[in-house]
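Asks: First the structure, then my questions, so here it is.
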Amino acid sequence: MITETIKKFVARLFPARGPQRIPKERHGIDRRNVSRHAIKVCEVLRQAGYEAYIVGGAVRDLIVGMEPKDFDVATNATPEEIRPLFRRARIIGRRFQLVHVVFGQEIIETSTFRALATGDQETDEHGRILRDNVFGSQEEDAARRDFTLNALYYDPLTEVVIDYHQGVADLKKRVVRMIGDPAKRYREDPVRMLRAVRFAAKLNFVIDDETRAPIRSMSALIENVPASRLFDEMLKLLTCGHAMDCLRQLRAEGLHHGVLPLLDVVLEQPQGEQFVELALERTDARVRAGKTISPSFLFASLLWQQVEVRWRDLCKQGELPIPALLQAADSVLDEQTEKLAIQRRFSSDMREIWFMQPRFERRVGKTIFRMLEQPRFRAACDFLQLRAAAGEFDSVLAQWWMDLANADDITRTQMIDEASRAPRAKGDEPAPRRRRTRRRSGGGGQGGQPVVAQGGDE
């Protein structure tokens, strides 16, 4: 025990020079789980005389036994040298230039080793790096990466992992630890605070004390991050398979104000928290099953409680239900898009999902057929199931709509006919017909007064 303590103390005083080269027997990566396209990129770059390694999150996930979502490659070749080597490749990025090498549906993001920060990089007034395309060595590139568990380089040809910062050891200890001074690194890129939370929640790790210490006091820096980057990071948080844990830890670290300002309000309402939990549990289940996730549905679920509260308030003030829902949705989305660049196509889908909810309360022939024609009908129907599970909507009626969504055309027609013949339940009655005035030619009715008759919609 004493010997081990002395070894650790000496290691801190006199860190070993150069990286650790960890063989397959110690890191445990099975090459069969590595993308063949990522291996191909490494092989092509090696044949052209360059270094090339699979790097970052893919190496981390492979070591802990998870299936990587994507594979990145790092090399000493510049973007201009990489692009001609592949049939389908394009240079992207302004802050950091890199190359997307395309193989069908898979994109291998290929970056050049970065040089250490020299202070000459273009930054904003808070220290956030705006532009940095200075290339360097693999050792410098490792020091530029954020956390030790992401600074790992896997050589698919020799099956060796190159580790400059004890990243494999931190993975074994289940610790998220920043490379370098955490406060300085957060100032360079405040999104790293969100990433620390995501990795801890996704991997069930703990954040190292020194890495965690500055987060609360520096959380306001999140407000300086471009909204588009925040949206991308929020999507990663919500689709990592442990979304509710991420949101709770965001709030615990004081980071939610820069991401979802309404999160506290939602989670303080018992029904609101239940609804969000149900939505994220189902999202996590889809992620773990390898199914696709709809960002529109996710954000519609997160913000629904706020929309509903404002909708009810407007109705109490005398607004008609549909215009009130429109106003409530617009006000909530306007507040959120100040922080999150929710793309127009997503916000449009969110509105459609919300606006269809009142229409589920009425089962009238023509209304049902019009509902089925809506492009977001299935998503709105799934959303209705969430509302029913949270006790907001009648579960029997919600199941009827889901059965209808899953039925073929013949069965749908039968279900609608049966619903039309059945005794009308509350909410199923057709909308009251408007009364209109109609004047008869020649002066109208008795005494010249207009004759009032029942009329349908024109």
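Asks: Could you list, in sequence order, the residues of the range 358-402 that are at pLDDT 90 or above, of a type in the set (Lys, Arg) and in a helix (DSSP H, G or I)?
Replies: Once the filter is applied, which keeps residues that are at pLDDT 90 or above, of a type in the set (Lys, Arg) and in a helix (DSSP H, G or I), the range 358-402 yields Arg359, Arg378, Arg387.
Asks: So, Arg216, is that one surrounded by fewer than 17 Cβ atoms within 10 Å (Cβ to Cβ), touching a residue at least 12 places away in the same chain (Cβ under 8 Å) and within 28 Å of Glu281 (Cα to Cα) or not?
Replies: Yes; evaluated as a whole, the condition is true for this residue.
Yes or no, residue by residue, for (1) free of Cβ contacts under 8 Å to residues at least 40 places away in the same chain; (2) among the acidic types (Asp, Glu); (3) open to solvent by 10 Å² or more (accessible area, probe 1.4 Å):
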{"residue": "Asp163", "(1), (2), (3)": "no, yes, no"}
{"residue": "Lys172", "(1), (2), (3)": "yes, no, yes"}
{"residue": "Val175", "(1), (2), (3)": "yes, no, yes"}
{"residue": "Ala183", "(1), (2), (3)": "yes, no, yes"}
{"residue": "Tyr186", "(1), (2), (3)": "yes, no, no"}
{"residue": "Val191", "(1), (2), (3)": "no, no, no"}
{"residue": "Leu194", "(1), (2), (3)": "no, no, no"}
{"residue": "Val197", "(1), (2), (3)": "no, no, no"}
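Asks: Looking at the structure I just gave you, is Leu333 open to solvent by less than 60 Å² (accessible area, probe 1.4 Å) and not in a loop (DSSP other than H, G, I, E, B)?
Replies: Against the criterion (open to solvent by less than 60 Å² (accessible area, probe 1.4 Å) and not in a loop (DSSP other than H, G, I, E, B)), Leu333 qualifies.
Asks: In the range 81-96, what count of residues is obtained for those that are farther than 13 Å from Thr112 by Cβ and open to solvent by 70 Å² or more (accessible area, probe 1.4 Å)?
Replies: The total comes to 5.
Asks: Here's another thing I want to ask about it. Which one of these is farther than 17 Å from Ala380 by Cβ and out of contact with any His (no Cβ under 9 Å at 6 or more places or on another chain): Asp284, Asp313?
Replies: Asp313
Asks: Which members of the range 269-321 meet the condition of being among the hydroxyl-bearing types (Ser, Thr, Tyr), in a loop (DSSP other than H, G, I, E, B) and surrounded by 15 or more Cβ atoms within 10 Å (Cβ to Cβ)?
Replies: Ser294 - this is the single residue of the range 269-321 that is among the hydroxyl-bearing types (Ser, Thr, Tyr), in a loop (DSSP other than H, G, I, E, B) and surrounded by 15 or more Cβ atoms within 10 Å (Cβ to Cβ).
Asks: Could you name every one of the helices (runs of 4 or more DSSP H) located completely within the range 170-220 that has at least 3 residues being under 19 Å from Leu247 (Cα atoms)?
Replies: 191-203, 215-218
Asks: Check whether at least one residue in the range 341-349 is among the β-branched types (Val, Ile, Thr) and either part of a helix (DSSP H, G or I) or surrounded by fewer than 15 Cβ atoms within 10 Å (Cβ to Cβ) (or both), and report yes or no.
Replies: No, the range 341-349 contains no residue that is among the β-branched types (Val, Ile, Thr) and either part of a helix (DSSP H, G or I) or surrounded by fewer than 15 Cβ atoms within 10 Å (Cβ to Cβ) (or both).
Asks: Tally up the residues in the range 187-212 that are at pLDDT below 95 and more than 28 Å from Arg288 (Cβ to Cβ), please.
Replies: 4
Asks: Further question: For the range 66-99, name all the residues that are among the small types (Gly, Ala, Ser) and in contact (Cβ under 8 Å) with a residue 24 or more places away in the chain.
Replies: Ala74, Ala77
Asks: If a residue must be part of a loop (DSSP other than H, G, I, E, B), of a type in the set (D, E, K, R) and at pLDDT below 75, how many such residues does the range 243-268 contain?
Replies: Matching residues across the range 243-268 total 0.
The values are calculated or read from the model by the stated rules, or taken from the named source; none is laboratory data. Computed from a predicted model, the values in this text were never measured in an experiment. Note: ideal-geometry Cβ built from the backbone for every residue, glycine included; neighbour counts use all protein chains shown. What goes into the accessible areas is simple: the full protein's heavy atoms, side chains included, and nothing from ligands, DNA or RNA. Shrake-Rupley method; radii C 1.70, N 1.55, O 1.52, S 1.80 Å.
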